[in-house]
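Q: Sharing a structure, written as structure tokens. Questions coming.
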Amino acid sequence: EKKLCLSIVVLGASGDLASKKTYPALQFLFRNGFLPHNVSIIGYARSPLTDHQLRDKLRPRLSGGEEERDAFLKHCTYVQGDYVGSQGWQGLEGVLSGREGKYHGCPCGRLYYLALPPSVYPQVCSGLKTYCDALPKTEGSWLRVIVEKPFGRDLSSSEELAEVLGQLYPESQLYRIDHYLGKEMAQNLFVMRFANMFLSPVWNRNCISNVQITFKEDFGTQGRGGYFDTFGIIRDVIQNHLTQLLAFVAMEKPLSIHPDDIRDEKVKVLRCIQPVQEHHVVLGQYTAADGQPGYTDDPTVPSGSKTPTFAAVTLFVDNDRWSGVPFVLKAGKALNDRKAEIRVQLRPTPHFVFGGNPERMRNELVVRLQPDEAIYLKMIVKRPGLETGDCAISELDLDYGKRYPGVVIPDAYPRLILDAIRGDQQHFVRRDELRAAWAIFTPLLHAVDEGRLPVHPYPYGSRGPPEADELLARAGFVQNLDY
Ligand code: BG6
């Protein structure tokens, strides 16, 4: 096999996202032998930097000893250029084709990673398409573009952006990142659901009472308030990350594991969800507590902002499998915990002949994405001892740290970048999927933007507004008795 001439271009290389996420992810892949040893990683941005200065800027963000960092940094160079006009782009194209010319007859791969705000995507993609598209015709050559949310603010702005990008690149070249799809347990959810015989007969409205998908962070906006305030928690986390998880929980088994077969099923299930109704929503915003600042104390947040930093919404999937089962998506910043998990709660056991209240002893399957990946099943067992007929809730527990000691679970970003290099779009969001997800939340987002819904204050470090517990209770969620 002829070797691949791989060039990765990081657009916005001098920015925060690039040094925090993109370069460390690339270094992880490089250190673990997933990038060809001749890979070239070209940073592109407006700031005047030399290769040397870029490397100095990146070095503290990388991992390993000095030698390991340098081994990676040797592959990193910098091209300064503008996002408007032609000059910068022509310079970049010169570097790329100059290099590709040396690999005569070899396939070439170009990965354009946009570590830039979406507002400049149209301009940048059009520059790239016009000036940096001279890929050699060698068989096996490819050019792919990675972009990341926010993809618009609602259905129509997202469609507008998709239309512009779609004019420039076909769907097969566009890789839309939702980094939750790169998480080990999100991917595992798919395998767990469709590979286990014992799950399939119960995975429906007959046995499942409610589903809860929760995202909690124990810190506030931390200086990201400017960005956050224009989006809010629904656009930041719920419309994308949590909705993607919901799709995995609720989708039908795909025809095959071909990326498009999987994404077809995800779109189908998302399209079964009606837009969120206002009485199925609780919003919140954190306030100062215990020496921690409130949301509007963040100097980057406009004073008096009503942007929600917490939201709980109940969705219904109107199809044969799920009709009537509430799915509660809950996300908040500055809460008491940092956690992302999915909780599938079953109905109470009928004709319960043992002691105890079956209403408060529910089978529950929990998939914890972070921290400490785990899957556990709450099970009712005999309370150990001489008493008969007495039972208790216990756990069948698959804790990844214990079960796979020493196995490194890679972060989402390296995984997704590697998928893009391999041309696997399974864990990237297709345009119709994005549209279906926006359709669910758009009327609600407009109501929120118009200030039509109450935003309940909750203290920094608390569980969020108590109204959210009421929403969960209405969805049928029951707190299991402790053992
Ligand atoms: C991002 C959001 O997409 O996801 C952030 O913009 C959030 O606000 C982050 O903090 C959470 O990601 P993770 O991987 O830390 O759970």
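The values are calculated or read from the model by the stated rules, or taken from the named source; none is laboratory data. Predicted model, so just to flag it, every value in this text is computed and none were measured. For neighbour counting, all protein chains shown are included, and Cβ atoms are generated from backbone atoms with ideal geometry for every residue, glycine included.
Q: Search segment 283-310 for residues being of a type in the set (A, V, I, L, M, F, W, C) and surrounded by fewer than 24 Cβ atoms within 10 Å (Cβ to Cβ), and hand back the single one that is nearest to Asp229 (Cα to Cα).
A: The selected residue is Val301.
Q: Mind checking which residues of segment 143-157 are within 16 Å of the ligand (Cβ to nearest atom) and of a type in the set (Gly, Ala, Ser)?
A: Listed by number, the list holds a single entry, Gly152.
Q: Take the residues in segment 214-230 that are near the ligand (Cβ under 10 Å from one of its atoms) and assigned to a helix (DSSP H, G or I); name whichever of them is modelled with the highest pLDDT.
A: Phe228
Q: Follow-up. Taking the criterion of being more than 16 Å from the ligand (Cβ to nearest atom) and more than 20 Å from the chain's Cα centre (by Cα), would at least one residue in segment 238-249 satisfy it?
A: No, every residue in segment 238-249 fails to be more than 16 Å from the ligand (Cβ to nearest atom) and more than 20 Å from the chain's Cα centre (by Cα).
Q: Same structure again: Taking the residues in segment 410-467 that are of a type in the set (Ser, Thr, Tyr) and in a helix (DSSP H, G or I) as candidates, determine which candidate is farthest from Lys183 (Cα to Cα).
A: Thr442
Q: Now a separate question. Assess whether Gly291 counts as being within 16 Å of the ligand (Cβ to nearest atom) and on the phi > 0 side of the Ramachandran plot.
A: Judged against the criteria, Gly291 is not a match.
Q: Oh, and also: Return the pairs, sorted by first residue and then second, in which the second residue is of a type in the set (Ser, Thr, Tyr) and surrounded by 14 or more Cβ atoms within 10 Å (Cβ to Cβ), the first residue lies in segment 345-357 and is under 18 Å from Ile208 (Cβ atoms), the beta carbons are less than 7 Å apart, and the residues are 6+ apart or on different chains.
A: The qualifying pairs are Gln345/Ser209; Leu346/Ser209; Arg347/Ser209.
Q: Return the residues of segment 328-344 that are over 18 Å from the mean Cα position of the chain (by Cα), surrounded by 21 or more Cβ atoms within 10 Å (Cβ to Cβ) and not small (Gly, Ala, Ser); say none if nothing qualifies.
A: Leu335, Val344
Q: Check Gly464 against each of (1) farther than 30 Å from Ser157 by Cα; (2) of a type outside the set (Asp, Glu); (3) surrounded by fewer than 20 Cβ atoms within 10 Å (Cβ to Cβ) and name the one condition it does not meet.
A: Going through (1) farther than 30 Å from Ser157 by Cα; (2) of a type outside the set (Asp, Glu); (3) surrounded by fewer than 20 Cβ atoms within 10 Å (Cβ to Cβ) one by one, Gly464 breaks only (3).
Q: Could you list, ordered by first residue, the pairs with Cβ atoms under 7 Å in which the first is in segment 361-377 and touching a residue at least 24 places away in the same chain (Cβ under 8 Å) and the second is within 16 Å of the ligand (Cβ to nearest atom) and in a loop (DSSP other than H, G, I, E, B), at least 6 apart or interchain?
A: Leu369/Lys183; Pro371/Arg338; Glu373/Ile409
Q: Here is a follow-up. State whether one or more residues within segment 256-273 are within 16 Å of the ligand (Cβ to nearest atom) and among the charged types (D, E, K, R).
A: Among the residues of segment 256-273, not one is within 16 Å of the ligand (Cβ to nearest atom) and among the charged types (D, E, K, R), which makes the answer no.
Q: Counting only residues that are outside any strand (DSSP E or B) and in contact with an Asp or Glu (Cβ under 7 Å, 6 or more places away or on another chain), how many does segment 153-187 have?
A: 2
Q: I'd like the residue in segment 378-390 that is surrounded by fewer than 17 Cβ atoms within 10 Å (Cβ to Cβ) and in contact (Cβ under 8 Å) with a residue 12 or more places away in the chain and, out of all such residues, is farthest from Val344 (Cα to Cα).
A: Gly389
Q: If you don't mind, there's one more thing I want to ask. Looking at (1) in contact with a strand residue (DSSP E or B) (Cβ under 9 Å, 6 or more places away or on another chain); (2) under 24 Å from Ala186 (Cβ atoms); (3) of a type outside the set (Val, Ile, Thr), find the lone condition where Asp260 falls short.
A: Evaluating Asp260 over (1) in contact with a strand residue (DSSP E or B) (Cβ under 9 Å, 6 or more places away or on another chain); (2) under 24 Å from Ala186 (Cβ atoms); (3) of a type outside the set (Val, Ile, Thr) leaves (1) as the failure.
Q: Are there any pairs with C-beta distances below 9 angstrom linking a residue in segment 51-78 that is closer than 22 Å to Pro410 by Cβ and without any contact (Cβ under 8 Å) to a residue 40 or more places away in the chain to a residue that is of a type in the set (D, E, K, R) and surrounded by 20 or more Cβ atoms within 10 Å (Cβ to Cβ), with the two at least 6 apart or on different chains, and if so which?
A: Correct list of pairs: Leu73/Arg55.
Q: Does Ser209 satisfy being over 20 Å from the mean Cα position of the chain (by Cα), surrounded by 15 or more Cβ atoms within 10 Å (Cβ to Cβ) and closer than 24 Å to Pro150 by Cβ?
A: No: the conditions fail for Ser209.
Q: Scan segment 126-152 residue by residue and report those that are over 17 Å from Ser7 (Cβ atoms), touching a helix residue (DSSP H, G or I) at 6+ places or on another chain (Cβ under 9 Å) and not in a helix (DSSP H, G or I).
A: Val147, Glu148, Lys149, Pro150, Phe151, Gly152 - these are the residues of segment 126-152 that are over 17 Å from Ser7 (Cβ atoms), touching a helix residue (DSSP H, G or I) at 6+ places or on another chain (Cβ under 9 Å) and not in a helix (DSSP H, G or I).
Residue-wise test of (1) touching a Ser or Thr at 6+ places or on another chain (Cβ under 9 Å); (2) more than 30 Å from Val455 (Cβ to Cβ); (3) within 16 Å of the ligand (Cβ to nearest atom).
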{"position": "Phe327", "(1), (2), (3)": "yes, no, no"}
{"position": "Ala331", "(1), (2), (3)": "yes, no, yes"}
{"position": "Arg338", "(1), (2), (3)": "no, no, yes"}
{"position": "Gln345", "(1), (2), (3)": "yes, no, no"}
{"position": "Leu365", "(1), (2), (3)": "no, yes, no"}
{"position": "Leu396", "(1), (2), (3)": "no, yes, no"}
{"position": "Asp399", "(1), (2), (3)": "no, yes, no"}
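Q: Test Arg176 against the criterion of being more than 20 Å from Ala331 (Cα to Cα) and buried (at least 22 other Cβ atoms within 10 Å of the Cβ), and give yes or no.
A: Details: more than 20 Å from Ala331 (Cα to Cα): yes; buried (at least 22 other Cβ atoms within 10 Å of the Cβ): yes.
Considered against the rule, which asks whether it is more than 20 Å from Ala331 (Cα to Cα) and buried (at least 22 other Cβ atoms within 10 Å of the Cβ), Arg176 comes out as yes.
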